[in-house]
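For reference, the structure discussed in these notes is given below.
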Amino acid sequence: MARCDRFPLPKGWPRTIKSSVLHAVSLASAAMTTAWARAARNRRPRVQPLAELERANSEIALLKEELRIKDTRWSRVPPRRRPYYSPIQRMRILRLKAARSWSSAQTAEIFLITEETIASWLRRIDEEGEHALVQTPEPVNRLPAFVGYLVRWLKSMCPQMGKVRIAQVLARAGLQLGATTVGRMLRETGPIDEPGELVGTEEALPASLRAVKANYPDHVWHVDLTVIPTAPGFWVPWMPFSKLQRWPFSWWVAVAIDQFSRRVKGFALFTTMPASSDICEFFDRLTERTGSKPRHVITDKGRQFFSEEFKSWCRERGIGLRFGAVGQQGSVAVIERFFRSMKDECTRQISVPLGVLAMRRELASYVIWHNEHRPHQALDGKTPAEVHVGVVTVAKSFEPRGRWPLSDDGECERVGRLSLELKFIDGKRHLPIVELKRAA
C-alpha cells in the first residue's frame with residue numbers, strides 16, 4: 001500500500017487552502033442534498049425516515065455551530081458588562097434548569113453567567129411584587145394589562161404576525177383593538193418577553209395600479225411561478241456562484257389566485273421550470289376541479305405564459321389574457337404579495353421537504369389556512385373564503401368590564417374572565433387558529 005506522504009501537494013497549496021475548504025464544504029452540502037432527495041423518492045419504508053432523521057441531525061449540528069460562534073464572541077465580554085436577563089427570562093432559565101437536571105455550573109456555562117448569579121436567583125425566587133428578581137408571566141386583573149398580555153403572548157407564539165394581523169385576528173375572536181394599540185402594547189414591557197422586529201404588514205393594492213378591476217369572484221385570476229429553495233440559500237463558491245434552480249435544490253410552484261377574494265384557487269408543484277404545456281395542464285385540472293374559469297388571467301411575460309401555446313389555450317376557452325407591465329411596480333402585485341406571505345409564513349418557518357408528497361401536504365395546509373383562517377388587510381380583516389362566498393363569520397364581542405355599558409345590537413356579551421386558545425392546522429405551529437373563549 002502506498003503511503004500518503006509520498007504524494008506531493010499541489011504547487012501553491014498553502015495559498016489556496018482556505019478557498020479549497022469553502023469549495024469542499026459547499027460541494028459536500030450539494031452532494032448530501034442530492035442523496036437526501038433520492039432517499040425521499042425511495043419506496044422502501046425505512047429509507048425515507050432515516051434520510052429525514054439524518055437531514056434533521058445535520059440541521060441541528062449547523063444550528064449548534066451558529067450558537068457556538070455567537071457564544072464564543074459573548075464569552076469574551078466580562079460577565080458584569082453583558083446585558084441582564086429580564087425577570088421573565090430568569091424564570092425560564094430556572095425552569096429549563098429543572099427540566100434538564102442541570103447543575104448551577106452547567107446552567108451558568110450555557111447562558112454565559114456566573115454560578116453566583118444562579119445561586120442568587122434561587123435564593124430570591126419566592127420574592128413577590130413588581131420588583132422581584134424572578135417573575136412568572138401571570139395574567140393580571142386589570143383589563144388593559146390583561147389585553148396587553150394576550151397581545152404579547154400571541155406575538156411570542158406566532159412571531160410572523162404583525163400588529164395589523166394581530167388586531168384583525170383578535171377582532172375575529174371577539175376582542176376589538178386597533179393596530180396602533182397593538183403596536184403600543186408590543187413595545188411595552190409585560191409578562192411576555194419583548195418581541196423582536198415586527199413583520200411588515202400587507203397593504204391593499206392601489207386601484208390605479210390594477211389593469212383589470214375584479215367585480216366578483218372568479219372574474220380575474222392572477223397566475224405566476226416562484227422558486228422555493230430546499231436549503232436557506234443557493235450560493236456556492238464556484239462559477240456561476242449559484243446552485244441550479246431545480247430539484248433537489250429547489251421546487252417550482254405555480255399558483256392561481258382570485259383577485260376579488262384573494263382566494264388561492266390551486267397550485268402545482270414542479271421539480272424543474274415548467275413549460276407552457278405544464279401550465280395548460282395545470283389550468284385544465286384546476287378548472288375541472290373547481291368547476292369555474294375566469295374571464296381574465298393576469299400574469300407576467302414569462303416564456304411559459306407569453307408562448308403561443310398558452311395564448312391559444314386561453315383563446316379557445318374565451319379567457320382574456322393580460323400581461324403585467326415589465327418593470328412597473330404593482331402590475332402583478334396581488335400574486336407577488338401572496339408569494340411573499342407564503343414564504344414568510346410557511347416555507348421559511350419549516351425545513352422544506354425533499355419528497356413530492358410531503359411538499360404538497362405542506363403547501364396544501366398553508367393554502368387551507370390562508371383561505372379560511374388568515375385575515376387580510378386588503379379585505380378589511382375578512383378571510384378569502386368569506387369574501388368568495390359572501391358570508392362573513394365574526395365571533396361575538398366580549399366585554400369583561402362589569403360597569404361598561406353594552407351595545408343595543410346584542411353583538412356584545414358580558415363575561416367575567418377570558419382565555420385565549422391556540423389551535424394549529426395539521427399540528428403545524430406556523431399555521432395558528434386563534435379562539436377567544438370564556439375562562440372556566
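Where a number appears in this text, it was derived from the coordinates with a stated rule and is not lab data. These numbers were taken from a predicted model, which means no experiment stands behind them. We place every Cβ from the backbone using ideal geometry, glycine too, and count neighbours over all the protein chains shown.
How about segment 219-327: which trypsin sites (Lys or Arg not before Pro) there lie in a loop by DSSP and see at most 14 other Cβ atoms within 10 Å?
In loop regions of segment 219-327 (DSSP not H, G, I, E or B), the sparsely surrounded trypsin sites (Lys or Arg not before Pro) are 246, 301, 303, 317.
Considering the convex hull of the alpha carbon atoms of segment 50-135, report its projected area averaged over all viewing directions, in nm², one decimal.
Over every viewing direction, the Cα hull of segment 50-135 projects on average to 7.1 nm².
How much length would be gained if the chain were fully extended between residue 29 and residue 82, taking 0.36 nm per residue of separation minus their Cα-Cα distance, in nm to one decimal?
Roughly 15.5 nm would be gained on extension.
Enumerate the calculated ³J(HN,Hα) couplings along segment 102-119 in order (Karplus 6.51 cos²θ - 1.76 cosθ + 1.60, θ = phi - 60°), each rounded to whole Hz, writing x wherever the residue is Gly or Pro.
Working through the residues one at a time gives 7, 7, 4, 5, 5, 4, 5, 5, 5, 9, 6, 10, 9, 5, 4, 5, 4, 4 Hz.
Roughly how compact is segment 21-75, stated as its Cα Rg over 2.2 N^0.38 Å to two decimals?
1.44
Around residue 117, under 13 Å between beta carbons, what's the net of Lys plus Arg minus Asp minus Glu among the other residues?
With Lys, Arg at +1 and Asp, Glu at -1, the net is +3.
Starting from the Cα of residue 272, move 7 Å in the Cα-to-Cβ direction to define the label point; list residues of segment 230-264 whose amide nitrogen is under 11 Å from there.
Correct set: 246-247.
So who's got an amide H within less than 5 Å of the one on residue 320, skipping anything under 5 residues away but keeping other chains? H placed 1.01 Å off N, in plane.
Distant-sequence amide H within range of residue 320: 296, 297.
Starting from segment 64-106, pick out the trypsin sites (Lys or Arg not before Pro) whose DSSP state is loop and whose Cβ has at most 16 other Cβ atoms within 10 Å.
Of the trypsin sites (Lys or Arg not before Pro), the ones in loops of segment 64-106 whose Cβ has at most 16 other Cβ atoms within 10 Å are 76.
Can you tell me what the convex hull of the Cα atoms of segment 209-264 projects to on average, as an area in nm²?
With the hull built on Cα positions only, its mean projection is 5.6 nm².
Compute the distance from the alpha-carbon center of segment 295-325 to that of segment 244-277, in whole Å.
A separation of 16 Å, based on Cα centres.
About the Cα centre of segment 21-75, what is the dipole size in debye to 20, counting +1 per Lys and Arg Cβ and -1 per Asp and Glu Cβ, all else neutral?
Roughly 280 debye, rounded to the nearest 20.
Where nothing but the Cβ of Lys and Arg (+1) and of Asp and Glu (-1) is charged, how large is the charge dipole of segment 207-375 around its Cα centre, in debye to the nearest 20?
In total the dipole reaches around 280 debye.
What do you get for chymotrypsin sites (Phe, Trp or Tyr not before Pro) in segment 207-273 restricted to DSSP loop and a cutoff of at most 11 other Cβ within 10 Å of the site's Cβ?
The qualifying sites are 235, 238, 241.
May I ask you to derive the FRET efficiency for residue 245 and residue 105 from their Cβ-Cβ distance with R0 = 45 Å, giving the value to the nearest 0.05?
With a Förster radius of 45 Å, E is 0.35.
Which of the pairs 265/293; 64/243; 163/382; 265/382; 155/428; 70/243 have their Cα atoms more than 19 Å apart in this structure?
64/243; 70/243
Whole Å is fine, so just give me how far the alpha carbon centre of segment 56-86 lies from that of segment 340-379.
Segment 56-86 and segment 340-379 have Cα centres separated by 31 Å.
Which semi-axis lengths, in whole Å and largest first, follow from the square roots of five times the eigenvalues of the Cα gyration tensor of segment 79-123?
15, 12, 9
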